[in-house]
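Where a number appears in this text, it was derived from the coordinates with a stated rule and is not lab data. No experiment lies behind these values; they were computed from the predicted model shown. Here the Cβ positions follow ideal geometry from the backbone for every residue, glycine too, while neighbour counts run over all protein chains shown.
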Amino acid sequence: MYKKVNLEQKILSSNEEYAAANRHFLNQNKKLCLNMISSPGSGKTTILAKTIIMLNDKLKIGVVEGDIKTDLDAERIRKTNAPAVQIQTDGACHLSAVQVSKALESLPVANLDLIFIENVGNLVCPSAFELGETGKVVVLSVAEGDDKPVKYPAIFAKSKVMLINKIDLLEAVGLTDFNIERAMADARKLNKDIKIFPVSAKTGKGFDKWCDWLVDSVKNLQSQ
């Protein structure tokens, strides 16, 4: 006799076990961990580097980098003097909880206030795999179009924060087909509690509010 096995369910179940262990570890140590998700080219790594530099005297930040190939993004982060661990997925379109578990072992977690996970560039697959993070941050660049919350609702519904990046393009090149109000309204229809920060990683515009939110979130977690 043959036994039918739901492979997808089995994979997700195994991932959830590791995610639960990661979550317990982070909660026990009162470490804020944010899983950053976006399409390729939205500016995640540039946002992280800018954030680390701006918060250099306020928070100690470490980064888990996920890419299909190369350690280019981890090297960019290390140039800010922040510790970074690179995960190469070798074709997988998302990070898994077990990969993050191993990466956390290579970070000086005890000395960190905040850990970022930069997931593989993809708005679909990463939203289905919990990593044990405190919350998700979705990045939408204005160059992608304002319809992404409607087209890819799952990640926007699950995220604590939406960063609308490259807002400098709205003025610099006269980009008129991105309706920022529409993008924000559509995200809030999916998630009324989502925090939204329009930013420019190139100019630094909007980063003060984003950084203030991070500092406050760390303080709130550590005071619990």
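Values as computed for the structure displayed
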| quantity | calculated |
| --- | --- |
| Lysines whose Cα lies under 18 Å from that of K50, excluding same-chain neighbours fewer than 8 positions away | K58, K60, K79, K166, K202, K205, K209 |
| ³J(HN,Hα), Karplus 6.51/-1.76/1.60, whole Hz, each residue of the range 122-136, x for Gly, Pro | 4, 8, 9, 4, x, 5, 8, 10, 6, 10, x, 5, 5, x, 9 |
| Two-site label geometry, K192 and S223: point separation in nm, points 7 Å out along Cα→Cβ | 2.5 nm |
| Partners for K102 among aspartates and glutamates (Cα-Cα distance below 17 Å; same-chain residues under 8 apart left out) | E16, E17, E65, D67, D71, D90, E118, E130, E133 |
| Amide H contacts under 5 Å for N165, placed H, 5+ residues apart | L140, S141, V142, V199 |
| Length added when fully stretched, N29-A110, from 0.36 nm per residue minus Cα-Cα | 28.4 nm |
| Relative contact order (percent, whole number), the chain, Cα cutoff 8 Å, 6+ residue spacing | 24 percent |
| Near-label residues of the range 120-154 by backbone N, under 19 Å of a point 7 Å along Cα→Cβ of N179 | 140-153 |
| Two-site label geometry, K205 and S101: point separation in nm, points 7 Å out along Cα→Cβ | 4.5 nm |
| Förster-model FRET efficiency, 22 Å R0, E16 and A157, C-beta, rounded to 0.05 | 0.75 |
| Residues whose placed amide H lies under 5 Å from that of I117, excluding near-sequence neighbours | L34, N35, M36, V64 |
| Label corresponding to Rg and Dmax of the Cα atoms in Å when calculated from the structure given, among (i) 36.0, 139; (ii) 16.8, 47; (iii) 17.4, 66 | (iii) |
| Efficiency of FRET between K79 and M54 - r from beta-carbon atoms, R0 22 angstrom, step 0.05 | 0.90 |
